[in-house]
Structures are given as structure tokens and as C-alpha cells.
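So the structure is just underneath, and the comments pick up after that.
The values are calculated or read from the model by the stated rules, or taken from the named source; none is laboratory data. Since this is a predicted model, take the numbers as computed values, not measurements. Every residue, glycine as well, gets a Cβ built from its backbone with ideal geometry; the counts of neighbours run over all protein chains shown. Surface accessibility is based on the protein's heavy atoms, side chains included, excluding ligands, DNA and RNA. Shrake-Rupley method; radii C 1.70, N 1.55, O 1.52, S 1.80 Å.
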Amino acid sequence: MQHQEDIQNLPIDIAFGRLGEWLVDRKRIPADCRKRLAAVRAKISSAFPSLPKDIDPYFLTLDPEGIDYMEAKKVYDILVRTTPESRNFFGRLSGAAGVWEAIVQAFEKDHIFLGEAAQIMAQNVNYEIPYQKKQVQKIQQQLAELDRKEADIKRNAALSAAKYAEACQELGLQGSNVKLELLESATKSLPITFGRILEVIHDDSVVQAIDYYSNFVKELHTEKDKTSAAVLSNLRESIENPPSLNVSVGSDLLDSINTTSNIGQQNDAGGAIAVGADGIDWDITLESSQIDWDIGTIEETEDPGNGLGPYEIVNASDILQDSSPDSNVTSIQSSLSKEESPGLGISKISWDVSVENLQSEAKEDSSPQNAVHEAQITAPETLMQVEVKSVDRSPLLETEYRNKILDDLFEVKAFLNQRLMELTNQETLSLQNQVQAVASLVLQQYSSDVIQKMLCDVSMAISLLTNRKTRDLIMILNSKRFLDRLVSNLEEKKHHEVKLKDGLKDLSAKRMELQNAMASSWPKQEAALAKTRELKKLCESTLSSMFNGRPVNIIGEINTLLSSIVTA
């Protein structure tokens, strides 16, 4: 008796992979289970369209192709609960409830729902859940990659912005209009730099170095009764006649700027004329009998009160077409010559017209247009001032002049270096002392410390003339190609930052797309896991009831998958 009870308590372990075969072998489900399930699904497909979906929101979430035994039973329970009047006189269900009762009974007949549960569990465990799991992992990896890319782009954008700001700061720019700011910075900075260079060259130590070198050459490298050769002539000339500090734009660059500004001014003038022609009342009244257009004597007409006198007929369209300041002066001179011609015979003409008054009246009449025109002229105002000074352009802007100065400075520097080495070399110090004792005053007048000070000042002058900023500022004013290339490099850094920031927008759109995919994948995975757990529990409980309450366990890969998902 005790042995029978022990057997009753022993669990029945069924391998998940052979659950369907085990059920058929133990004759717990019929061998034609698949054919019967197909017939039941055909009934579900025909009954689903007539299902009253307004009874419960759950009906709206159902897919007729995916309804299994558990869902059919849930539909049946909802219909029985919500439509109790569907039972007939004999207690049988009618209508939709009766149809779904028949479907549930077909599932339960010969326990074919166990075969369906085994198929669904195999499908979920072997395919559906691993696929959804891989999809989620793939999306997570893509999101992590997007985060890494976003960090790299932000870092590169910040680096580009810092480089652009550093380049603008180095050149003294604000970054709003790079080309004009470069020209303005060059015209403001170069006079200060040139003044500093001249200040160093005029320093007493540099002058002493020049005299020292000149006297040295005269003393040691000139034969008697011969005139010494002139040395450092260019450097002496720059000290005796300091070059101008006025800077201006180079001719090729100025031509391109003037061409651009002339095109803009012509466009502005055309717009102003079009506006003015519509709003001006010239107050001209003419009698056709007094006009002879065949260039003859002009008849006197009544003064219309326009301030031009009774001797001239004004054509408004001609004035509008020739409305530039130079054309106004030309028209006045041509009119004067016509009036003084012997064929007209008109005298005592009063030209009481002031150009200043005409300009002031024009300004008052076209104040709206002038406001726009002044705003457009404000930017190149510095260039116009530079153009006025172009006659007195500093020779330091010329490469040939600077090279001559540099040649002299390098010559002095080489001489001072050599003299300093001779005076400080310990190996030849005794010999130098002997030479110095019998040498002339020219060789003895400066010590090594004084020569070191001369060398430092000469090196400073060379550095000021050859440093990169000075060369760039000079090239900005002299070379259009260099200016365009510099502007292009600066704008490229700025555009690189803008391009990277645009890339961030694309990453944001991609992240939102991946997040939406993640949001749709998680519920599918969770639904498949929940369905698998319910079916496993249903099979175990049903089989346990078939074996008189013996515990039944479905073992194998299904438990590993469910436990790993829960842990994750």
C-alpha cells in the first residue's frame, strides 16, 4: 500500500522537444489531431465576422488567424457573462454564444487543444522568442552605437567651433562677415605693427649695431687711400627716411571689390529710380503750340514755380536716367554750353543753382532710399577710406622693400653672432685678449654684454617682420587669392561645425525610429513569453488530471529560455 502511494507522488517529466509525439504515443490525443485542429480553425474563421465586437474591447484585439483554445474559451466566457438571455427553453446556448460553445467543445474533444498547445510552445520557444530577443538586442546595440556617434559628433563640433573661434580671435575677427573683417583688421593692425618695427629699428642699440658693423668693415676690410663700400644702405635709408605707415588694399583686390560694390550700387540706384518715378510730381505744364522739337530756338514759357527759371524745359525721364552725381554735373555743363551757343540768342540766364542745395533736396526727397543705401555702404566704408590713402601706400607692404630691410638685418645679425662667439669662446680667450690689446678702438669699444643686447634687438626686428601674423596681414591686403583662400578656410571650419550639428538631427531621427522599433518589439516578446507560460501551465495541469493527480513537469529548453528571460 505504501509502495502505491510512493508511485502516485512521483512526478512525470516530459521532454519539451518530444511533447507532441509523447501525447500521440500515450494516446492522450488522436493521431489525426492536426486535421481536427484545421477543422476547428475553419469554424473560428466563419464565426468571427458575426462576433458582436461592441460587447467587450477584448474582441477588437483578436486576430481570427491567431485564435487558439485559450482565447476561444475566453471569448465564450465573455459571451456567457454578458448575454445570459442567449439560452433557449432547454438551457442550451443560442446565437454567438452557442457557436463559440461548440468551438470550445471541439477543442476539448479528445484533448486536441493539448496538441495545439504543444505546437504553439514549440513555435514560440524555437523561433518567435529567440527572434524577438535578437531584435531587441540588435536595437539596443544600435542605440549604444548612436550614443557613441553622438558623443563623437558633439566633441568634433565643439572642437571645430573652438578652432574657428581661435582662428577668428588670432586674426581679431568677430565672425559675422569674415572677408570685410579681415580687411578691416589688416588696415587697423598693420600700422601698429609697422610702427613697432620702426621703433625697434630706431632704437639706440640697433643704431649702434649698424655703426659698429660699418666701422668694422671700414677698419678691417678697406685698403688705405680707398673709399669704403657702403654697407646696410637700405637699413640706413629706412632709419633716415622712415617709410609711411599708411596701408591700403592692393590694386587687384581693390578692383574686384570696386566691381562688386559698383554692381550693388547700380542695383540700388535702379531700385531708387523705379520708386522715385512713381512718387514724383514734376508739376510741368506745356502748351504744344510753343514747342518745336526740331532743335531750334526755345520759346519762353511761364515760370511753373519749380525753381529752374523760364528758360528750360525739363524732361523727367532724362533726369531719372542720368541721376548719378557725375551725370548731374555733366548735364549742367552741357546745358550751359547749349545756352551759350550763338544759335539760341538767349541772354541774362540766372543759374542760381547750388550743388549742395540740390544734394540736400535729393537727400530729403529720397530719405527712405538713402536709409537702405547707407546701411549697405556702412560695411565697405573702411575700404573707401583706404582707397583715398592709396597714393601714400607704405613701402613696407611691398615684398621687395621688406626683403632689402631683412637682408641688412640678417647681415648685422650674422656679424653680431660671430663677434659674440669670438668674445665668449673660452678656447681662444687668451688669443682674443692679445688681439684686443693691439687692436684699434673700433674693436674694443663694445663688450660681449652690449653686443648681446644689440643681437636681441636686431632679432626682435627680424621677428616682427617675419612672424606669421604680419605676413598674413600683408598678404590679405596684397593678394586676392590669399584672401579668398583664408576666407574659404575659415568658412570651411564654420560649415564643418554646422554640418556636424545637422548630422545630430539625423541621429535624433534615427534614435526615435529605433526607440519606436524597441517599443513595438518588447510587447511582442512579452506577449510570446506570457503565452508560453500559460500554455505550459495548462498542459501540466491537464496531464496531471489525466494521471490521477500525479505531478507533471515539462522539462528541457523551454525552462532555460523562460528563466533566462526573467533573469534578464
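Computed over segment 73-175, relative contact order equals 14 percent, with contacts defined as Cα pairs under 8 Å that lie 6+ residues apart.
At the residue level, Y58 shows approximately 50 square angstrom of accessible surface with a 1.4 angstrom probe and all protein chains present.
Ranked by accessible surface with a 1.4 Å probe, highest first, in what order do E116, E237, E71 come?
E237, E71, E116
Assuming charge only on the beta carbon of Lys and Arg (+1) and of Asp and Glu (-1), the dipole of segment 56-188 about its Cα centre is about 360 debye to the nearest 20.
For segment 462-529, what does the alpha-carbon gyration tensor say about shape, rounded, prolate or oblate, given a ≥ b ≥ c as the root eigenvalues, a/c under 1.5 as rounded, and a/b over b/c as prolate?
Verdict is prolate for segment 462-529.
For K499 and N425, the difference between the fully extended length at 0.36 nm per residue and the C-alpha to C-alpha distance is 20.6 nm. Expressed as a whole percent, the accessible surface of segment 88-144 that belongs to carbon and sulfur atoms is 52, based on a 1.4 Å probe.
With both labels modelled 7 Å from their Cα along Cα-to-Cβ, the S233 to K27 distance reads 13.1 nm. Partner lysines whose Cα lies under 20 Å from the Cα of K413, excluding those fewer than 8 positions away in the same chain, are identified as K218, K404, K453. Overall size of segment 127-240 from C-alpha positions, given as principal axis extents largest first: 112, 34, 20 Å. For segment 498-565, the carbon plus sulfur part of the accessible surface works out to 58%, probe radius 1.4 Å. Within the straight-line cut-off of under 27 Å between alpha carbons, the lysines reachable from K73 are K27, K35, K43, K53, K109, K524, K531, K536, K537, sequence neighbours fewer than 8 places apart in one chain being disregarded. The residues of segment 95-173 present an accessible area of 53 Å² per residue when probed at 1.4 Å with all protein chains retained.
Rolling a 1.4 angstrom probe over the protein heavy atoms with all chains in place gives segment 23-71 an accessible area of 62 Å² per residue.
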